1. Filter the range 108-120 for residues that are among the hydrophobic types (A, V, I, L, M, F, W, C) and part of a loop (DSSP other than H, G, I, E, B); which is nearest to Asp20 (Cα to Cα)?
2. Considering Asn95, Asn115, Asn106, Asn102, which residue is more than 26 Å from Leu53 (Cα to Cα) and free of Cβ contacts under 8 Å to residues at least 24 places away in the same chain?
3. Find the residue count for the range 4-28, including only residues that are more than 27 Å from Phe161 (Cβ to Cβ) and either of a type in the set (D, E, K, R) or in contact with a helix residue (DSSP H, G or I) (Cβ under 7 Å, 6 or more places away or on another chain) (or both).
4. Here is a check on your reading of the model: is Leu121 surrounded by 14 or more Cβ atoms within 10 Å (Cβ to Cβ) and either aliphatic (A, V, I, L, M) or more than 24 Å from Glu240 (Cα to Cα) (or both)?
5. Just the residues that are touching a residue at least 60 places away in the same chain (Cβ under 8 Å), over 24 Å from Ile91 (Cα atoms) and of a type in the set (A, V, I, L, M), please, taken from the range 118-146.
6. Test of understanding: among Leu169, Leu176, Leu187, which residue is on the phi < 0 side of the Ramachandran plot and modelled with pLDDT under 95?
7. Residues Thr216, Thr171, Thr185: which one is crowded, with 19+ Cβ neighbours inside 10 Å and over 17 Å from Pro139 (Cβ atoms)?
8. Looking at the range 1-49 only, could you name the residues that are among the hydroxyl-bearing types (Ser, Thr, Tyr), touching a residue at least 60 places away in the same chain (Cβ under 8 Å) and touching a Gly at 6+ places or on another chain (Cβ under 9 Å)?
Amino acid sequence: MSIRKEDAYQHALCMDLQKDRLRYAIVSKSSKKIVHQNTLEFDSFDRDTIQPLLTEEVLFYDYGAIVATGGGKRNTIIPVDLFNYSKADDIFRLNFSKPIDNLDYNRIPELGIVNIYEMPLWIKSLFVIKFPRVKLVHPVTVILKGVFDRDAWRQKIHLYFEGDSFYLLITNKNKLEYFNRFDFTNLADMVYHILFVLEQKEIDQNSADVLLYGVTNEWDLKEEFQTFFKQPVQISDEEELSDKFILAKQLLCV
């Protein structure tokens with residue numbers, strides 16, 4: 001499905017920059033559904049390679065909002081009260097060693113937290129030059145907003161997959177109980193990290209709901225992954241709640 005230029009103001013242009021591709025989607029602000037999408041692949045992760053690829057006419061319609069996710073995988077989340085009396089650099093250094101790239105942050109007021117992350121200056125300039133109205137946020141900011149946009153009262157395990165890493169979130173009674181990112185090479189790695197966290201948190205793996213994002217119902221590890229949990233592993237049939245979660249939930253940031 002395409003979009004008419006004159007209807008662009010009723011939509012948002014949402015982009016997600018990763019190491020090997022830039023995904024974009026045009027999302028209806030009223031229905032929250034994706035009406036058009038595409039992926040631009042590249043071999044070199046730098047501005048000179050990516051910028052010339054941004055030539056499609058549909059990218060430059062007059063959208064009601066423009067949002068992009070990008071930045072490094074290293075991030076830290078802290079309570080907003082602590083952030084107000086500290087420097088982002090000092091907080092980040094408590095968790096990560098040098099070298100540290102350019103830092104930025106997103107406030108998430110509905111959760112009372114701040115997400116501090118690395119955002120290389122070339123990524124900022126890439127988007128700002130091409131899209132002066134763009135709002136830049138970190139993927140974790142969108143994941144958190146998206147997870148809490150759903151029912152978060154009952155205890156749930158949320159897994160967002162991105163290449164060879166995944167984010168693990170545990171929510172309960174509308175609060176974030178746990179958050180971290182893990183690298184993995186196979187299913188055994190993945191399950192080890194998850195079950196170790198659940199053991200440390202004293203959470204019964206057979207009682208909590210398990211929700212997966214960043215993959216579709218055709219995920220080749222789904223059946224094997226399910227054997228570790230009594231509750232059905234949930235992957236939505238809606239692309240906005242599965243493999244296009246990051247793109248669709250960027251609407252929550254505008």
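1. Met119
2. The unique qualifying residue is Asn95.
3. Total meeting the criteria: 4.
4. no
5. Leu126, Ile129, Val134
6. Leu187
7. Thr171
8. Across the range 1-49, there are no qualifying residues.
The values are calculated or read from the model by the stated rules, or taken from the named source; none is laboratory data. Worth saying up front: this structure is predicted, and the values here are computed from it rather than measured. Note: ideal-geometry Cβ built from the backbone for every residue, glycine included; neighbour counts use all protein chains shown.
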